[in-house]
Each structure stands twice: as structure tokens, then as C-alpha cells.
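The values are calculated or read from the model by the stated rules, or taken from the named source; none is laboratory data. Being a predicted model, the structure only gives us computed values, none of them experimental. Cβ sites come from the backbone with ideal geometry, for glycine too, and all protein chains shown count toward neighbours. Please note that ligands, DNA and RNA were not included when accessible areas were found on the heavy atoms of the full protein model with its side chains. Shrake-Rupley method; radii C 1.70, N 1.55, O 1.52, S 1.80 Å.
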Amino acid sequence: MVIGILEVRDLSYSAGGKEILSHVSFSVKRGGFLTVIGPNGAGKSTLLKCAGGLLPYNGEVRIDGRSVRDMNERERAKRVAWLHQNGAGRMPFTVRRFAAMSRYPWRPVLAGESEADRKIVAGALARAGVEELAERSLLTLSGGERQRALLAAALAQGTDILFLDEPTSFLDYRQQVEMMALIERINAEGMMVLMVTHDINHALHASGEILAIKEGKAVWHGETDELLSTSALSEIFETEFKFFSVGGQRRPYAAPAGFVS
Amino acid sequence: MVIGILEVRDLSYSAGGKEILSHVSFSVKRGGFLTVIGPNGAGKSTLLKCAGGLLPYNGEVRIDGRSVRDMNERERAKRVAWLHQNGAGRMPFTVRRFAAMSRYPWRPVLAGESEADRKIVAGALARAGVEELAERSLLTLSGGERQRALLAAALAQGTDILFLDEPTSFLDYRQQVEMMALIERINAEGMMVLMVTHDINHALHASGEILAIKEGKAVWHGETDELLSTSALSEIFETEFKFFSVGGQRRPYAAPAGFVS
Amino acid sequence: MNKKIVLLFIISGLIIIAAPFVGAHMLSPSDILGEGGSARILWDLRLPRVTLGWISGATLAVCGLIFQALFRNPLASPDMLGVSMGAAFGAVLYIRLGIAISVFGVIQGISLAAFGGAFLAIMALYAAGNIRRGGLSLSSLLLAGVALNFLFGSVNMIIQYSGGYTDTFRMMRWTMGGLQTVGFAPALASLPGLLIILLVGWLTGPQLDLFICGEELAQSRGVSVAALRRLLFLTVSFVVGISVALCGPIGFVGLMCPHICRHISGGGHRELTVVCALFGGAFLVACDVASRTFWAPAELPVGIITSCLGSLFFLYLLVNGER
Amino acid sequence: MNKKIVLLFIISGLIIIAAPFVGAHMLSPSDILGEGGSARILWDLRLPRVTLGWISGATLAVCGLIFQALFRNPLASPDMLGVSMGAAFGAVLYIRLGIAISVFGVIQGISLAAFGGAFLAIMALYAAGNIRRGGLSLSSLLLAGVALNFLFGSVNMIIQYSGGYTDTFRMMRWTMGGLQTVGFAPALASLPGLLIILLVGWLTGPQLDLFICGEELAQSRGVSVAALRRLLFLTVSFVVGISVALCGPIGFVGLMCPHICRHISGGGHRELTVVCALFGGAFLVACDVASRTFWAPAELPVGIITSCLGSLFFLYLLVNGER
Amino acid sequence: ASAQPKRIVSLTPVGTEILFALGQGENIAGVTNFCDYPPEALKKPKIGGYSEVNFEALLLQETDLLVLQDMHRQFCSDLERLKIPYVIVKQESIEDIYEALSKLGKMCGAERKASEITARMKRGIKAIEEKVRGLPAPTVLLCVSRELSEKNISIFYAAGARTFYNEIIERAGGKNALLREKSGAAYPKISQEGLIAVDPEIIIDLVGERSFYHSMERIDLDEVFSQRYLVGQWLSGAAVRAVRNRRVTVLDGTVYLRPGPRLPVILEAFAKAIHPEVKW
Ligand code: B12
Ligand SMILES: Nc1ncnc2c1ncn2[C@@H]1O[C@H](COP(=O)(O)OP(=O)(O)OP(=O)(O)O)[C@@H](O)[C@H]1O
Ligand SMILES: Nc1ncnc2c1ncn2[C@@H]1O[C@H](COP(=O)(O)OP(=O)(O)OP(=O)(O)O)[C@@H](O)[C@H]1O
Ligand SMILES: [Mg+2]
Ligand SMILES: [Mg+2]
């Protein structure tokens, strides 16, 4: 498997006469895990879309040194797989079929599903733990099952970079825990992960680096551990946080102070 | 203002050949605050809808001793206001106008907006802190602003009971804190609140009583403080929780153990 | 916004006042009191025609507005959902079978038949929505309406074809629609429909506002959604039935006028009801003037003009509109 | 599911094989090799007609399928969005102006004109979508299409009205649509359209599957959404233009066949392309047999039969269907 | 009783013809775009096409008699309300035409003239009937309208049983090939397929008049209206009996589309086509 590297330099994006992102730069190393946090409307989803080449950005985004702008959709899809924020459209397909559809960028235009495709899809279903849902229609799944199925489809895409936009929204606690564990495992297997989340603890828990944006600007960037040693979090979200350190554990748990009184 | 009391006895509901709620009973006293928690698909939203008379339930739901089934929509709307889970449809109205639309149950069919209506609406906008958004279209608001505007509309309905389904979803930390503070204030002013949330800390923070349901059945019901003294939470969500007590504060903060390691 | 309504009111008024005097043969205000040919044209032909046109246009536009809100689909209109075709079916069958009824001397049998047809169509749609366990989704109901439209359309053609020469001609003429009339009887007969639908639009306006925000939201705000749907479904089809019965199916007004009005006014359904009535009425009257003047002495079916001008206007709004 | 396709394939095949022998005058298999009247009916009339019917039906159904996916609206069809009316406009204008072109002797000028009209319609829609800054939403584009449909329809009528005696006859016959043909030329001329659209449907099927799940999802899976939309927009209008040019606008097939096929097969757009082609072709051929047999020697326009049978079948599916 | 009408409007070409034949040419105030016979009719003011009735124009013309045909029947109640006197000239049978003549004659005070014309028509018709009496009646397909410019005739309108043409065919010694046609249409549409099913012994084709024909191709009207071309179109079509035996007659001229005083002309042309063996 090729190991990729994502470099974002001076990324800006405007829409509707408004600058939504301005001059954001960061890079993620092979197999790295960067989480983007920030308040509502900060531009997190927009950042992800620009970095993935889904929106026409200004600035530079490179994967393995090659500009995303110069890659066509298929080429991009071979490097970057997505779990979108609102993956809630009507998708009248079974889980297996939907995952198989992700093989599209690898297939010659006229070809159908190959034996190799089928193996990869089966592997992806197994990794995401949705083998027993394979023949269920996406329309009948619960929120958590659905999110896992969508992740399986992203894995089937066979990329080395994974973009996740709020992968735990709509999930209950157990499913949140399971989903994050799954993402960590995938990351540990060598997949580079760029995740957007509004739950700071998911970021603290799993990711190596954190990028905070606010009103389209990068306001903090660094190792996850560093974030805890500053008052950055409170500034980013404009609300006080309390940290609970648990003996013998790597990182503390963050909670908005408003709920701890 | 009339002070209401909500009694639910033996509530069941079936749809699609499946029992979604079975034999749920609870009651909320005047000005009380009950939070319903539970995993995805437990039936929380369904419970709320049945209790509000939006779905044809079996069993008994009474407001001030009067069966909800015997009330017509207008009568119900004079007692119970709603903030729905997916208030995300296309609503081509300004915030003030949308709030004014909530006066519907109180108006004679042919009448327009009265002076009294206007006053109540203005008051509701003020209480929810959205006065400066009054003339903005709902379509242009951010997630947090929008949620507050919807709450203002619910307040304008002039009821003594408020049903909230996941009022903090889509909100960032600061907005979560503000929204919960707002709800607490409203409750303190005498409004009975029945809230569904998947964030246990919001429940712990604000509500007096908690009802947990799972697969359609009430599995725990009691004072909020009691919930902390048992292992109920872990059983409800099928995942371990850690509690962090903060010196001098009323209740501890709960976090899924999966994220505290 | 209210300024816009006042402006629309004035424009609508001016069109109504001017329309009776315009035509292949121009009339002058002095003909109002005069005698002879010109006065007769004014009183027997032009005024009844303008009245009927205004009432029909207003009725169709308001009915379209309500249907679009009810189905939450911009393409839903009484025309699209088979009501007009159903009315045409009634009329065509009536001509074919050569029945002759007349009630109170005023309402002609053919109008009754057309009305019956519209009613049949709406009942069929209603049944389709109810036969299936669990009911049909709104989008399925829409498709069912479109299918009914096709069904009635084709059956109409078959009936037309198998008719004798004279009958066929009458049917074809009827299905073209038109506002030519002598005397005020048809205008009078269509007035109750307009009044009903205006009243209903005004009464249920606030409910429709809530309804387009979502069914559950509406219900929790005190709207009896099921009752509202039934009420509107039935009154709209009833009223469209009356209109089609009297003027034949006049295309376009019910579909496009509400969109145009939404571009003009936005806002709630009470205002929109008024705006649609004013705009729809004025629009149809203006188109009718064009249809009888442009190629005089021949006359273009008014539906052609409404479609042509209306769609141009609508495209203009769509491309240059504010939103 | 594959079983269903095989079954459909067999049924479609049987209908094609049987259709040429059925009619007011029944033929027997021996006529294939025979000489004389019956053989001439078979070779000069029936076979060309069945071929043209199958090709047109398959083409229209696949085009409808693609448009419905492209606009993510069950009511979107080339008929609804003005393409057919545009083609009719080209033809009517051609007749009216009395132009005369003919390319390669095979393709008649009128077909070229119809094709030009379809192209004009789609370009107008395309322009409407692009003139406005920021583009139009899909639903606005749909409405623009419907408005164009009305516009072309009314302009056609105006042209017809302004025509002389024989012109009108010709235009009316043309706007009804029909498959009567002598010889294989029209069938041959329409074959490339079918091949193109089948190829396009097959090629872009996986892309359409992704597309109906959401534009961004499709893009992130490697689909060039803008290019896909342009490609499909243009090929569908091109191909519908050819079909309408040769057989006139045959209602219903493009709108309803895809829905019926979705009820039959579900699944992805590659399969659906095949299913729509098989079903659409067989359906139109069967309807055409009915149209020339039922009232023989009189002949019903085939559009009437397709609307009538198709909508009944569709309503049945809607009310009794699985989902 | 009342004074004779002085401002007559005719909305049927046949009516116009009758009025002129009754010597009412002076009193005609308006005709349709299609009234081309007698030639003086062309000079009269045009009141429009013939399926519409334009009330305004009628009031302006101060019409004191309006001549209509059957399909205008729906306008009757409105005309009564407008107090515009009208008469409906039915033209679905020969008897209808006689009746129309006498009705119009009475209204215009030209009864004598009317009965003269009727008698002349009856004589003419009788003379032709005599000639074909007793002869075997072949099946006749009468095409009333088709697209002249298409290379192969794909579809055409033909006269069914419920038309005056049916009667004329019978009197001309033939049998309408569409006698038992099922659709019930007065003028059903027939394709080559249908033509084969009917297999007529004789085909008569009415092609109207060249001045009413507008063509898309810049073709030579002389060419299109040549017998060779028009008959050739049939002969290259389905090989039904009439084609094999070359019994196809194309009649050009609006007279064949007008069931009026010139009915004997139509009858004679039909009879000649059906019974060429008789000496004419
Ligand atoms: C038959 C016919 C005649 C006959 C009989 C007329 C009569 N009894 O008065 C004859 C040959 C005598 C005749 C004469 C003339 N006619 Co002529 N005639 C026709 C013709 C060919 C058919 C009329 C008809 O039966 N219509 C009814 C049929 C059923 O309608 P349709 O068009 O086929 O189709 C409709 C539906 O039924 C359906 N459909 C079509 N096919 C099928 C099949 C099936 C199975 C089904 C279910 C449905 C279906 O779709 C259509 C839309 O609704 C029409 C041409 C036409 N296309 O209509 C001209 C037409 C009516 N005639 C016309 C004219 C001008 C004349 C003459 C004045 C010609 C002349 N220059 O002399 C004369 C006047 C005679 C007179 N009465 O004074 C014009 C009228 C123009 C106008 N609107 O002002 C027409 C429209 C021809 C044209 N296109 O110009 N005519
Ligand atoms: N096409 C557009 N036109 C105008 N404004 C836009 C457009 N797309 C996004 N925006 C605005 O840009 C801002 C950033 O949007 P984005 O979706 O990236 O936020 P986010 O950080 O993902 O927020 P959330 O946490 O709510 O998902 C928002 O204010 C949004 O309204
Ligand atoms: N009309 C229906 N037909 C069939 N099943 C239904 C219907 N309505 C709800 N359900 C099912 O009932 C269960 C409870 O749904 P409900 O929306 O009440 O869950 P919830 O507790 O609110 O979940 P969440 O936390 O995801 O909002 C779900 O499994 C849902 O799929
Ligand atoms: Mg986002
Ligand atoms: Mg819920």
C-alpha cells in the first residue's frame, strides 16, 4: 500500500461573497491522525471538502507532493475516502452493494465487479464489523449501524487517506465508543485519518494532532497533549472547560464547565 | 398561568408490526423537569410524541386529569409546546413571523395577529434571547441561532408544558451550555419540561428526574441524584461510565469510560 | 410587502376596468350608457366575459397555491393531478351519451357532468391513497395523480374518437377551454366557487403556513392535519370542478401563478391567497383580451396565451428573481 | 433479481417475435419466406413497425430513467421538461416555414428540425440554469423545464393556428405521434440513438447509482459530477430529439416506464438500463399492436394506448406494490 | 312573417353555396375563410374560420340571419340570448341538404327558387342512379383527407358509415368498405395496415384544392396535383384489390368536399369511378 502525505498550504475559500476559510495551513504525515475542532459554522466541513478537492479552493493542497487540483475525481478517489456529515440521503441499496459501489474509481469504465473487488469489499465489511448486515438495505438500519456501514463503504474504497466529518453524530454512547475504537484501529493499521468532530473528547481520545479553526482561521495547531496544557480550548469554544485527570490514564477528560456546577 | 400536571399510565405504541413502546408509566409534577434518556432507537422520540398526542397510543395520558386523547389539537397546543428533533425543514419565514405562527391555537379562526399576540411574541423572543434575529429569515441562521429561534417560537405558544427532543443536537459547546441554561431558566420560571436527550450530562445538569428507556421499556425512573448512586447508567447504555466529582458541586460529570483511557 | 399588494390591487383593478373596452372592436366609455351594437357588445359580451375570466383566474390560482402547499411539491396542481382531466372526462362523456339535464335553468347539464368528473378523479386519488395499508406517501400520491391524469386523458381521447362528427367537434372545442360567454349566468355560477376557496384560503392560511414547515410541527401547534388535508383536498377539487365545468380546462394558471406570486410576495398563505386571487384574475383577463384581439376575428384559445406569456414571465422571474 | 431480468428478456423477446404476426390481418410463420400479399405486409409494414416501436420504447424509457436520476425527481422526464415539446416545435416550425433539407437522403428534414428543436429546448434550460449567478437549484431547474414545456407547447399551437388548411392536418398528425411507417428507414435512423443511450446508461450506471445517493458522495467516490450532468443532459436530449423526430411525441413511456421498472427490479442503474430497455421496448410494441388491432381497420394513436394501459398498470403497482 | 334578412352571415361553405344559389348573394354580409364557391363568395368579408362563432363580430355586422352547421349547435342558447336569428344547415345526408334548401328558401323568401333547385338536384341524381341500377356493387374506400407530400401514404381519414358520403357511395352503385367498421368514428383514421384489412375493390381519394395546400418542400404544385403522382402514391402502397386492378380515382377540387347544391357532381364523379364499365 502506498503511504501518503497530505499538505495544505494557505488554503482559502469564499462563497456567497463571504470568506469562509482564510489561509489555513497544516500537514499530516503518513498514517497520522489529525482532528479538526471548532465551533459551529467555523468552516470545519468546508476545510475538509477543500482538502479533498470537492470545492474549488485557493491556495495549495498536495497529496504526496501532487496538487489535488491537478488530479481528476477518479485519481482523488483512489487516495481519499470519505464519511460525509449528512450521509442521510435516500440510498436504496444493500450494505454490500453500497460498499461495492465504492470500488468505482478502480474499475475500468465498462467493467463490472471483479473477484478482487469482491474480496476487498468483504474485507472492508469485516473490518467495520458489518458482515452480518451485508444484505440489509441501508434504509432499514439504525443510526449506529448505518454509520458503520458507511464507514465500511469508505474502507472498501481502498485508499490510504480517510476523511471523516462528524462520524459520531446521531450515535448513542456505546456506539460512539465503538465507532471511535474502530477508527483508532483503522488508523493503527496505517490509514491516515483527517477527522472533523465537535466532541472534543473524541479528539483527545484518538488523535495525535489537533487543528482548531474559528471563523475560518486556524487558531490553534499542535500535538493533542499540548492542547491540554494551555487555555486554548476555552478560547476556541468561548466557554470554560474543566479537565478531569484519571489516575494512570494518558489524557484527561474535558467537560464544559457550564455542566459541571 | 395554569399549572399543569402530566400523567402517563401504561403507554404502549406499535408501528410496522413492532411494539415500539410498551407499558411505560410516569408522571411529572407542576413545574417539574423530567429527562428521558436511552440508546438510539429506544423509543424516546416516540414516547414524547405519544405523550403529546401526536401519535395514537394505547394506554392513558392525562394533563390535569384530562385525557390527551379527548383533547383536540388546539386544546393540546394550548397546553404543550414542542421543540422537535428534526426542525430542519424548509421554513421560509422570519423568526418573528415563525414565532407569531405559534399563536395559532389561541386565535379565533378568522382573526389575525392581535396586540396581545404581538406582546407575547416579543416576550418570547426576549426570553430566548433572539430579539436581534427577529427579522432574519430562518433559512439564513446558524445551527445554534436556529435552535434558539425555534425555542422562542415554542415559548410564544404560551403553554405551561414544554416538550424538547434533543434540543442540543448540532450545537457546539458554548451553544450547548447556553441552550441548557436557557431551558433551566424557563423551567425555573414555572414551565414544566419534558426533555429527550442523548447527552447524559445535560440531563444530570438540569433535570430533577430521569426516565431511562431501552427497547421501548422503562428501565429506570427516579431522582437524578439516585441515578448516580447505582450502576444503572452503564446498564442503560451498555457501556462503562466514569464519574468525576468536582469539589463543592452538586453532581458529578459522567463520561463513557471508553474515552477515558 | 403590503405595498406590493396595494400595487397589485391597483394593477388588477385597472386591468378589469380597461379590459371590457379592448378588443378587435374598441369601445369607448360612452358606450356604457349608450344603446345599439357597441353597448350590447359591452353589456352582453365583454363585461360577462371579463367577470368570468377574473373569477376563473383567481379561483385556479388560489387552488394551485393550496395544492402546492398540501403536497409540498412545486409541480402539484389541480391540472397535474387529474382533476381537470376528470372534469373533461365528465363533459366528454356527457356529450357522447347525449344526456340532457339542467338544474334551475342556469347551470347546464354539461357543467354538472364536468363537475361530477372532477369529483370522480379526486375520489379515485383519495381511494388510491387509502386502499393500501398504511397509506401512500405524498410522493406516491403525486405520482398516482399524474397517472390518473394520463388515464383520464387517454379515455377522453377514445371517447372523442368514437363519437360522431358533430360530437367530436364539440368535445374538442370543450377540451380547449375558453371564456366566451353571453350574459352573466356562468360568472354568477362560478362566483360561489371563488368565494368558497377565498374563504378557505383565508381561514386555513395560518394552518398552511404551519403545514409547510412540517406535518408534526403543524400538529403540535394545534392544526388538525388529517382534517385540514381532507378539507382542502375536497374543496379544491370541488371548486376546480366548477371552474373547469364552466370554462373548460385552462392550462397553466393553477400551476404557475402560485410560483409567480411567491416570487412577488413571499410571506404567509393568507397574504398569498389574496395575491394569487388578484394576480390570477388579472392575468387571465389580460390573456383573454390578447386572445380575442390578437388574431381577430379568429380567436386563440386563452390557454395558449396564458401558457405562452405566463411561462416567459416565470422564466424571467426564475432567472432574475431575488432568491 | 437476475431471474426477473431473464424472465423480462424472454417476455420481451416473445412479444417482439409475436407482434409482427398479429393485427387485423393475422399472418402465419410461413409468410416469412412466402411471396405475395402476406409476405409484403410482414416485410414492408409489420417488421419495420415493430422494430421502430421497440427501439423507440426502449430509448424513451431509458432516457426517462436517466432524467429521473439526474434531477432526483420522480416527475422529471424528457416529456415534462420540454424536450419533446421542443422537438415538436422544430417539426412544426419546419412545416410552417416550408424549409426543405435532407441529409444522406435517409434522414428527412423534418427529423433534423425536430432534433434541432429538442436541442434548442435543452440549451434554453441549460442557459436558464447558468445565466443566474450561482446557478439554479435542481428544483428551480425542474420548474424552468416545465415552464419551457408550456412555452413550446403554446408556441406550437400558435404556429398551428396560423397555418393554412393542409398544414394543420400535417402538424396535428405529427404532434399526436405514431409508428406507422413503410420500410426500415426510420427504424434504422433511430437505432443509433438507442445504441448511444444504452451505451451511456451502461457506462454511467455506476456513476448514477452514486449520484442518487448525493452529489458530494458521488464526487468523493470519483464521479465527475459536472461532466456527468453535462454528458447526460446532452445525450438524453439528443436521443429524445431523434426519437420524437421520427415518431412524434409518444406520451407516458418516458415518465412511467422507469417507475414501473423500479418496482420490477430495484437495484442499480446498469440493471435498470437493461430492464427499462427491455420493458419499454416490449411495452410500446404491445401497445402498438393493440392500437392497430383493437379497432381495426381504424387506428388509435399509440400514445393513447400507452397512457391508458400504462397508467392502469402503474396505479396497480402503486397500490399493491411491495414497498 | 318578419322582413327578409338583409345581413346574412354564413359559417358553412355549403350554406354559402346554397345562399348564392338562392340568389341571396346581395344579402350576404360575411362568410368563412374557406368559402370559395361561387367565386363571388371570395369577395365577401371574412368572419373567421368555421368552427368558431365570434359573437362580437356578429353583433357588429348587425347580423339578421346566421347560417350554421351541426357542430355549432352548442352556441344556440347563447345566440338566442343575444337575439341573433340563426338556422342550422345539417349536411349529414342528401335529405338534409334538401331540407336545408327549403329552410333557407323559406327564410329568404325564395321558396320557388329552392324547390326548383331541389327538383333539378333530384333529376340529376335520379339520372345517375338509373345508370348504375342493378349493377353489382363493389366495395369502395373513400379517403377524405391525407398528407399529400409524404412519399408513402402512412395514414389517412376515410368516410365511415355515419356520413353523407356513405349514402352517395350507395347511390353511385357501390358499397362503403367501412360499413362495419368498429370504432364508431365518423371519419376513422386508417393506416396501410387497416387498408389491407379492408381490402377495397375501389379507392376514391378526395385531395381538396391546390390553393388550400401549403407544402413544406418547395415543390411544384403542378407536380403534386398531377394525377400521375397522386395515384402513384396509392399504387406503390399495399397491394389491395383496388391497387392490383388499378381502380384508384383521385378527385381534386373543393366541390367534392361540399355536400350542397352541387351534390350531383359528386355523385357522378363517384359513379364514374365505381362503374367505369357504364357508358357516361
Ligand atoms: C372529415 C373531415 C371533413 C369531411 C366531413 C366534414 C363534415 N361532416 O362537415 C368533409 C370531407 C366533408 C370536410 C369538408 C370540409 N372541411 Co374538413 N375535415 C375533416 C377532417 C379530416 C376530420 C374531421 C374529424 O372527423 N375530426 C374529428 C377527429 C376524430 O379528430 P382527429 O383530428 O382525428 O383527432 C382527435 C382525437 O379524436 C384524437 N384522435 C385522433 N385519432 C384518433 C384515433 C383514435 C382511435 C382515438 C381514440 C383518438 C384519436 O386526437 C385528436 C385530438 O383530440 C378534419 C381534419 C382533422 N384533422 O380534424 C378536417 C377539417 C375539420 N376540415 C376543414 C375544412 C377547412 C373543411 C372544408 C372547409 C374544406 C374546404 N376547403 O372545402 C370543408 C367544409 C365542409 C362543410 N361542412 O362545409 C378544417 C377546418 C379548419 C378550421 N378549424 O377552421 C379541418 C380541421 C382540416 C384542417 N386541418 O384544415 N371535412
Ligand atoms: N455555499 C455557501 N454559501 C454561503 N455560505 C456558506 C456556503 N457553504 C458554507 N457556508 C457558510 O460557511 C460557514 C462554514 O460552514 P461549515 O459547514 O464548514 O461549518 P462547520 O464548521 O462544519 O459547522 P458545523 O459544526 O455546524 O458542521 C457557515 O457559516 C456556513 O453557513
Ligand atoms: N412508523 C414506524 N414504523 C416502524 N418503525 C418505527 C416507526 N416509527 C419509529 N419506528 C422505530 O421505533 C424505534 C424507536 O424510534 P424513536 O425515534 O422513538 O427512537 P429514539 O429513541 O428517539 O432514537 P434516537 O436517539 O435515534 O432519536 C426505532 O427503531 C424506529 O426505527
Ligand atoms: Mg460541519
Ligand atoms: Mg429521537
Lone unmet requirement of (1) under 18 Å from D:V155 (Cβ atoms); (2) more than 18 Å from the chain's Cα centre (by Cα) for C:I305: (2)
Test: A:Q147 is within 16 Å of ligand 5 (Cβ to nearest atom) and buried (at least 24 other Cβ atoms within 10 Å of the Cβ): yes
Residue ID - farthest from ligand 4 (Cβ to nearest atom), chosen from residues in the stretch A:52-68 that are assigned to a strand (DSSP E or B) and open to solvent by 20 Å² or more (accessible area, probe 1.4 Å): A:R66
Subset of the stretch A:54-92 [under 21 Å from A:R107 (Cα atoms), within 10 Å of another protein chain (Cβ to nearest Cβ), of a type outside the set (A, V, I, L, M) and out of contact with any strand residue (DSSP E or B) (no Cβ under 7 Å at 6 or more places or on another chain)]: A:N72, A:E73, A:R74, A:E75, A:R76, A:K78
Residue in the stretch B:69-79 that is within 16 Å of ligand 5 (Cβ to nearest atom), open to solvent by 10 Å² or more (accessible area, probe 1.4 Å) and under 16 Å from B:L155 (Cβ atoms) present: no
Residues of the stretch D:54-88 that turn out to be at positive phi and open to solvent by less than 10 Å² (accessible area, probe 1.4 Å), as a count: 1
Hits in the stretch A:206-225 (condition: without any contact (Cβ under 8 Å) to a residue 60 or more places away in the chain and over 23 Å from A:D10 (Cα atoms)): A:D225
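Hey, could you check the stretch B:203-244 for residues that are β-branched (V, I, T) and not in a loop (DSSP other than H, G, I, E, B) and say which is most open to solvent (accessible area, probe 1.4 Å)?
Per the stated criteria, the residue is B:V219.
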Index of the failed condition, C:A218 passing every other in (1) in a loop (DSSP other than H, G, I, E, B); (2) under 30 Å from B:H84 (Cα atoms): (1)
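Residue by residue through the stretch E:16-45, note down the ones that are under 19 Å from E:Y213 (Cα atoms), surrounded by fewer than 16 Cβ atoms within 10 Å (Cβ to Cβ) and in contact with a strand residue (DSSP E or B) (Cβ under 7 Å, 6 or more places away or on another chain).
First pass over the stretch E:16-45, keeping only residues under 19 Å from E:Y213 (Cα atoms): E:32-37, E:39, E:42.
Within this subset, residues satisfying the condition of being surrounded by fewer than 16 Cβ atoms within 10 Å (Cβ to Cβ) are E:39, E:42.
Across the stretch E:16-45, there are no qualifying residues.
Give me the residue from the stretch B:32-84 that is under 22 Å from B:E223 (Cβ atoms) and among the small types (G, A, S) and, out of that set, farthest from ligand 1 (Cβ to nearest atom).
Filtering the stretch B:32-84 down to residues under 22 Å from B:E223 (Cβ atoms) leaves B:32-39, B:42, B:44, B:47-48, B:51.
Of the ones still in play, those that are also among the small types (G, A, S) are B:32, B:38, B:42, B:51.
Values: B:G32: 69, B:G38: 62, B:A42: 59, B:A51: 58 Å.
Filtering first and then ranking leaves B:G32.
Does C:G183 satisfy the condition of being within 14 Å of chain D (Cβ to nearest Cβ), outside any helix (DSSP H, G or I) and not hydroxyl-bearing (S, T, Y)? Spell out how you get there, then give the answer.
Values: within 14 Å of chain D (Cβ to nearest Cβ): no; outside any helix (DSSP H, G or I): yes; not hydroxyl-bearing (S, T, Y): yes.
In short, no.
For the stretch D:230-249, name all the residues that are open to solvent by 30 Å² or more (accessible area, probe 1.4 Å) and modelled with pLDDT of 85 or more.
D:L231 - this is the single residue of the stretch D:230-249 that is open to solvent by 30 Å² or more (accessible area, probe 1.4 Å) and modelled with pLDDT of 85 or more.
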Single unsatisfied condition, D:A290 versus (1) modelled with pLDDT under 90; (2) surrounded by fewer than 24 Cβ atoms within 10 Å (Cβ to Cβ): (1)
Total residues in the stretch E:242-262, condition part of a loop (DSSP other than H, G, I, E, B) and over 15 Å from the mean Cα position of the chain (by Cα): 3
Neighbours by Cβ (under 7 Å, 6+ apart or cross-chain): first from the stretch C:292-312, under 27 Å from E:V31 (Cα atoms) and more than 9 Å from chain D (Cβ to nearest Cβ); second open to solvent by less than 30 Å² (accessible area, probe 1.4 Å) and β-branched (V, I, T): C:P297/E:I47; C:V302/C:I250
Which numbered condition B:L83 misses (of (1) within 16 Å of ligand 3 (Cβ to nearest atom); (2) open to solvent by 10 Å² or more (accessible area, probe 1.4 Å)): (2)
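Report yes if E:I84 is in contact (Cβ under 8 Å) with a residue 24 or more places away in the chain, open to solvent by less than 20 Å² (accessible area, probe 1.4 Å) and out of contact with any strand residue (DSSP E or B) (no Cβ under 9 Å at 6 or more places or on another chain), otherwise no.
On the way: in contact (Cβ under 8 Å) with a residue 24 or more places away in the chain: yes; open to solvent by less than 20 Å² (accessible area, probe 1.4 Å): yes; out of contact with any strand residue (DSSP E or B) (no Cβ under 9 Å at 6 or more places or on another chain): no.
Considered against the rule, which asks whether it is in contact (Cβ under 8 Å) with a residue 24 or more places away in the chain, open to solvent by less than 20 Å² (accessible area, probe 1.4 Å) and out of contact with any strand residue (DSSP E or B) (no Cβ under 9 Å at 6 or more places or on another chain), E:I84 comes out as no.
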Selection within the stretch A:179-202 - facing chain B (nearest Cβ under 8 Å) and not in a loop (DSSP other than H, G, I, E, B): A:M180, A:A181, A:I200, A:N201, A:H202
Of all residues making up the stretch D:233-276, the number that are farther than 25 Å from A:Y104 by Cα and small (G, A, S): 7
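Condition check: at pLDDT 85 or above and open to solvent by 40 Å² or more (accessible area, probe 1.4 Å). Does C:F169 satisfy that?
Values: at pLDDT 85 or above: no; open to solvent by 40 Å² or more (accessible area, probe 1.4 Å): yes.
Against the criterion (at pLDDT 85 or above and open to solvent by 40 Å² or more (accessible area, probe 1.4 Å)), C:F169 does not qualify.
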Subset of the stretch B:1-21 (residues that are within 12 Å of ligand 3 (Cβ to nearest atom) and of a type outside the set (D, E, K, R)): B:Y13, B:S14, B:A15, B:G16, B:G17, B:I20, B:L21
Filter result for A:G4 (at pLDDT below 90 and open to solvent by 40 Å² or more (accessible area, probe 1.4 Å)): no
Criterion: within 16 Å of ligand 3 (Cβ to nearest atom) and open to solvent by less than 30 Å² (accessible area, probe 1.4 Å) - qualifying residue of A:L139, A:L182, A:L133: A:L133
Condition met for C:S162 (within 14 Å of chain D (Cβ to nearest Cβ), closer than 19 Å to C:A91 by Cα, open to solvent by less than 40 Å² (accessible area, probe 1.4 Å) and free of Cβ contacts under 8 Å to residues at least 60 places away in the same chain): no
Residue in the stretch C:199-217 that is polar (S, T, N, Q) and within 14 Å of chain B (Cβ to nearest Cβ) present: yes
Test: residue in the stretch B:112-127 that is buried (at least 18 other Cβ atoms within 10 Å of the Cβ), within 14 Å of chain C (Cβ to nearest Cβ) and part of a loop (DSSP other than H, G, I, E, B): no
Residue match in the stretch A:32-51 (condition: open to solvent by 10 Å² or more (accessible area, probe 1.4 Å), away from ligand 2 (no atom under 16 Å from the Cβ) and on the phi > 0 side of the Ramachandran plot): no
Identity of the residue in the stretch E:244-280, basic (K, R) and closer than 19 Å to E:Y37 by Cα, that ends up most open to solvent (accessible area, probe 1.4 Å): E:R262
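Collect the residues in the stretch D:6-53 that are aliphatic (A, V, I, L, M), open to solvent by 30 Å² or more (accessible area, probe 1.4 Å) and more than 20 Å from the chain's Cα centre (by Cα), keeping them in residue-number order. Can you show your working first?
Taking the stretch D:6-53 and keeping what is aliphatic (A, V, I, L, M), we get D:6-8, D:10-11, D:14-19, D:22, D:24, D:26-27, D:32-33, D:39, D:41-42, D:45, D:47, D:50, D:52.
If we keep only those that are open to solvent by 30 Å² or more (accessible area, probe 1.4 Å) as well, we get D:6-7, D:10-11, D:14-18, D:22, D:24, D:26, D:32-33, D:47.
Listed by number, the residues that qualify are D:V6, D:L7, D:I10, D:I11, D:L14, D:I17, D:A18, D:V22, D:A24, D:M26, D:I32, D:L33.
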